[in-house]
Every structure is written in C-alpha cells, then in structure tokens.
Amino acid sequence: MINRYIITLLCLCLFSTLCKADLRDPTRPEATVSVESVTKFELSAILTSPTSKAAVINGRIVHVGDYFSTVQVISIETNKVELMGPDGKITLVLLTTPKRPLLGEHK
C-alpha cells in the first residue's frame, strides 16, 4: 500500500515537471537582445587645445582614432564627437556650449 502511494507521488512529480517544461513566461520577450546593440554613448565633456583634442564618453577619455566598444572616434569638434561603428556614423552632441575661451584660444 505504501509502495502504491510512493509510485503515485513519483508519477505526479514527474508529470508536473514534464508539463512545466513546456510552459513559458508570457511576459518575457521572444528574442534576447545583445548588450552591444543597445549600447548608449554619453558625451559628458570635450577638451581641446592647440595640440590635442579629447572627449569624455561614458566616463572614458578618448582621442581621435581610439577604439572602444565597437566604435572608433573619427572626429572631435568644439561641441560634437563623431563615431564610426558597424551600423554607420554616430554623432554625439554636447548640449552645453563653452562659456569661456578654450585652452590656447584668445578672445
């Protein structure tokens, strides 16, 4: 009699496990998105002098020609930085404009 209950219990556990494997969470997206495809670039500063240009993107100092993530820095100007990635050119614009002359510039 106890063996019958144990066998029934094991069958129920096995059946519930098999049924559960076919169920999927309806709130989960169908496909996963790669981290690289949703990378956002945040331009927080542009530093220029007569001899060099640099920008701070995602907290990292970069120069023209540098690679990071899947993009290359192709241009740094007074208020924007241009990147070239696998999907084409990306332009990052600095929202604030300089209030004083840049290093090495005269009024």
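Here are some notes:
- Across region 42-93, Cα pairs under 8 Å and at least six residues apart give a relative contact order of 26 percent.
- The ranking of V81, V64, V93 by Cβ neighbour count inside 10 Å, starting from the fewest, reads V93, V64, V81.
We did not get these values from a lab; they are worked out from the coordinates using the rules stated. Everything quoted here is computed from the prediction, not taken from an experiment. Glycine gets a Cβ as well: all are built from the backbone with ideal geometry, and neighbour counts include every protein chain shown.
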